[in-house]
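Okay, structure first, notes after.
The values are calculated or read from the model by the stated rules, or taken from the named source; none is laboratory data. Quantities reported herein were computed from a predicted structural model and do not represent experimental measurements. For neighbour counting, all protein chains shown are included, and Cβ atoms are generated from backbone atoms with ideal geometry for every residue, glycine included. Note: accessible area is taken over every heavy atom of the protein model, side chains too, but ligands, DNA and RNA are not part of it. Shrake-Rupley method; radii C 1.70, N 1.55, O 1.52, S 1.80 Å.
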Amino acid sequence: MEMTSSVHDTALIFEGGGMRGAYTAAIVAFLLNQGIHFDYVAGISSGSSNTVNYISRDAVRARKSFVDFAGHPKLGSWKTWIQGKGMFNAKHIYEEAPMPDGPLPFDYETFMANPARWRLGSFDAEAGETVYWSREDIRDRVDLMRRVWASSAIPLMMPSVTLDGKMYVDGALGYGGGIPLGIAQQEGFTKFFVVLTQERSYVKPRYKGGSFMRAFYRKHPAVADGVMGRNAKYNATREELKDLERDGHAYLIFPEEMKVANNTRDVTALGECYDQALTQAEREYPHWREFLGIS
């Protein structure tokens, strides 16, 4: 049966946030279970993982990716960081776990069969520019997952990714500060359904470890610049979204309470975050339908 989309005039946008993606994962699962299929989806960092899970229409994997998998012994630790594999063992997460025989298999066939447009944002460490990948940039499952990794490669916490001779790190360092609103606007959208991973009142503070960051990335100063300037870009994007919300052009989903951090490994805490998001989704669902024009 041919796959189709049900929402065509609104861009679905997923913020990053590391393991705060457990909140987003619940929204992904809820949308899928309700049969709400957006024709355009953009994600950055953990939002990229949620994007590919959404496009592959895998509500079960959405939850496993940010809840159950946190307890996997190969997820990563200080030991893997010392070994140069990162606090999150990216090679296992993106190159081994998604394989058909891995602990978190990814349905690549359904992903490719879905005609919806998608964008994954990353940051070119040499040029200091945001890069977005789409269907035209991938050849197979490995190619896709390396781009999800590149979108999620948090400086210091995860190793960077080299693709076609270029080094990439977390897309949150680019414009938007981790919220891919700009790319959807560039591609003609004026209506947005945005899943955020910080509370409505949150304001991102300036990064305080500038000297260490600049020393660590002395060969790639654009990375340090991106980290140091992220708070201003992030806060500005959130304010723009609130303006769009006031004008009726955006529906913003904020966590009512965010108790987990980007590096949380506690499966119970992540499960509670997921469940709280589901409860919120059930309560807000009538408002979603009204905004999206779903009868």
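Keeping every protein chain in place, order F189, F216 by accessible area at 1.4 Å, biggest value first, i.e. largest first.
Details: F189 20, F216 100 Å².
So the residues, ranked largest to smallest area, are F216, F189.
Comparing N53, N262, N89 in a Gaussian network model of the chain where C-alpha atoms under 10 Å apart are linked, the largest mean-square fluctuation is found at N262. Put simply, the Cα atoms of the chain extend 55, 44, 38 Å along their principal axes, the longest span coming first. Using equal-weight Cα scatterers in the Debye expression, the normalised intensity of the range 39-167 in log10 at q = 0.12, 0.16, 0.22, 0.23 Å⁻¹ is -0.43, -0.78, -1.44, -1.54.
Given charges of +1 on the Cβ of Lys and Arg and -1 on the Cβ of Asp and Glu, with all other atoms neutral, how large is the dipole of the range 197-295 about its Cα centre, in debye to the nearest 20? Before the final figure, lay out each step's value.
Details: 16 positive and 15 negative charges, 184 e Å.
Charge dipole of the range 197-295: 880 debye, to the nearest 20.
Each listed q (0.20, 0.23, 0.25, 0.28 Å⁻¹) maps to a log10 I(q)/I(0) for the range 96-159 from the Debye sum over equal C-alpha point scatterers, namely -0.89, -1.08, -1.18, -1.29. Taking N as the residue count of the range 104-214, its C-alpha radius of gyration divided by 2.2 N^0.38 Å amounts to 1.18. Springs between Cα atoms under 10 Å define the GNM used for the chain, and in it the highest mean-square fluctuation of F212, F14, F88 occurs at F212.
Which translational diffusion coefficient, to the nearest whole µm²/s, is obtained for the range 171-295 from the Stokes-Einstein equation, given a Kirkwood hydrodynamic radius over C-alpha pairs, 20 °C and 1.002 mPa s?
Working: Rh = 16.6 Å.
In µm²/s, the coefficient rounds to 129.
As an equivalent ellipsoid, the range 9-78 spans semi-axes of 22, 13, 8 angstrom, where each value is the square root of five times an eigenvalue of the C-alpha gyration tensor, largest first.
Among M3, M112, the order of accessible area from largest down is M112, M3, computed with a 1.4 Å probe on protein heavy atoms. By a 1.4 Å probe calculation restricted to protein chains, H249 has an accessible surface near 80 Å², given to the nearest 10.
Per Stokes-Einstein, at 10 °C and 1.306 mPa s, what whole-number D in µm² s⁻¹ belongs to the range 226-295, with the Kirkwood radius over Cα pairs as the hydrodynamic radius?
On the way: Rh = 14.6 Å.
Taking Rh from Cα pairs, D becomes 109 µm²/s.
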